[in-house]
1. Give the calculated FRET efficiency between T199 and T309 to the nearest 0.05, with a Förster radius of 56 Å applied to their Cβ-Cβ distance.
2. Quick one: divide the alpha-carbon radius of gyration of the range 133-191 by 2.2 N^0.38 Å and tell me what you get.
3. Using the Cα gyration tensor of the range 181-310, with a ≥ b ≥ c the square roots of its eigenvalues, what is the shape: rounded (a/c below 1.5), prolate (a/b larger than b/c) or oblate (neither)?
4. Ignoring everything except DSSP H segments at least 4 long, calculate the 222 nm mean residue ellipticity for the chain; use -39,500 (n - 2.57) per segment, divide by total residues, nearest 500.
5. Explain nothing, just the number: relative contact order of the range 63-152, from Cα pairs under 8 Å at least 6 residues apart, as a whole percent.
6. Modelling each spin label as a point 7 Å along the Cα-to-Cβ direction, I'd like the V106/S69 distance in nm, to one decimal.
7. Is the range 115-227 best put as rounded, prolate or oblate by its Cα gyration tensor, with a ≥ b ≥ c the root eigenvalues, rounded for a/c under 1.5, and otherwise prolate when a/b is larger than b/c, oblate when not?
8. For the range 313-340, list residues with backbone N below 18 Å from a point placed 7 Å from the Cα of T269 toward its Cβ?
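Just so you know, all these numbers are worked out from the coordinates, no wet-lab data involved. All of these numbers come straight from a predicted model, not from anything done at the bench. Note: ideal-geometry Cβ built from the backbone for every residue, glycine included; neighbour counts use all protein chains shown.
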Amino acid sequence: MSGDDASGRPDEEVLAAMTHRRKSVPVPPIGAGTGNRFPEPPGTVGTVPPLFEPLADFLARTRDLPPLSWLIEEVVPDSGNLLIVAAPGVGKTYLALVIAKKAAEVGRHSFLVFEEGRPRSMFDRFTALCFLPDALVHIAHRKGVRLEDAAIREQIATHLCAHEAPVLVLDPFSSMFLGNENDTEAVNQAKEHIQSLATINPRALIVLVHHTSKAGERGEGPPIHAARGSTVLSGWADMQVNLTREDTPRHSGLVSFVAQVAKGRDGETAQRHQFTLSLADGTVTIEDVTETAAQDKEQQVRRVLASATTPLNKAQLAKMVGGRRQVAFRAINAMEERGELKWEGRGCTLAPGTATEQEP
């Protein structure tokens, strides 16, 4: 039986156990191409790093990191976490493919995990967008990828480490997470699995594709809460883009959708860009329609007020205009600042001289 010997000193078995507990845990060596731009400082191997660091050290460590830049101007950041939210069939996967194509054009590798769509459908999409067979694109199609699978995450991590500025697309979240999307604790665990991949390479772009909620499809509530289930994923994202379908002529071979920036941790929000993809020659046109959308909403406000029989307060007016209340309020406030609204008590009407004052 182990214990102290006659001299009161621990016996050899206890000493060995104590020595084993005191051993430091070695840190794996940091080699070239691992994606780790911040190796352990000299003398810290095997120690627990301090939680805080002096501001001067932080500024020195981050000074040479690149500022916010874009893979697709004002829509897709060059790196970080991007959440794409849309209803089925709107264009989420098409946007993911556009991102991969843009990345390939500048010499970046993309790793696409697609858990939906028939193989032939995916073939047609790649060929319609004129991907070259030797493009820097790697695809895992319907491989049963699950975020909780540590072995799968290890495979993905290996690829993210091996390239300078990789792109990872996970499409869609619902097929890689089998838990309850409304369970904050469960979604938070899935988010941690994704974030463990995002932190491997500071130059990586992580794209998570998710479905919109029913309320989001109807345009209700804040745009940042358009995603289905828990709001954890919106909190994870550096940038969130919500997609809505745009009609195109029948048999035109065109796919069109509007991408609205619902969240931009380091930039502006509410921008709207219309993407039009030609499935004949693979061209992609992107148009900033932010101002056009604002003008359309203001025109809706004018029409509602022109047909109203009594003054309407802002809440009533926003409800009658429809769509997202925040967008309607933004239009109402802009018109108020320009003097296009006349207040009567707690309600408003169109001011005299407003262009559509007499519209039925």
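1. 0.45
2. Cα-based Rg divided by the globular estimate yields 1.28.
3. Working: a/c = 2.12, a/b = 1.37, b/c = 1.55.
Oblate.
4. -10000 deg cm²/dmol
5. Averaging sequence separation for qualifying contacts and normalising by length gives 24 percent for the range 63-152.
6. With each label placed 7 Å out from Cα toward Cβ, I get 0.6 nm.
7. oblate
8. Residues 323-334 qualify, since their backbone N sits under 18 Å from the label point.
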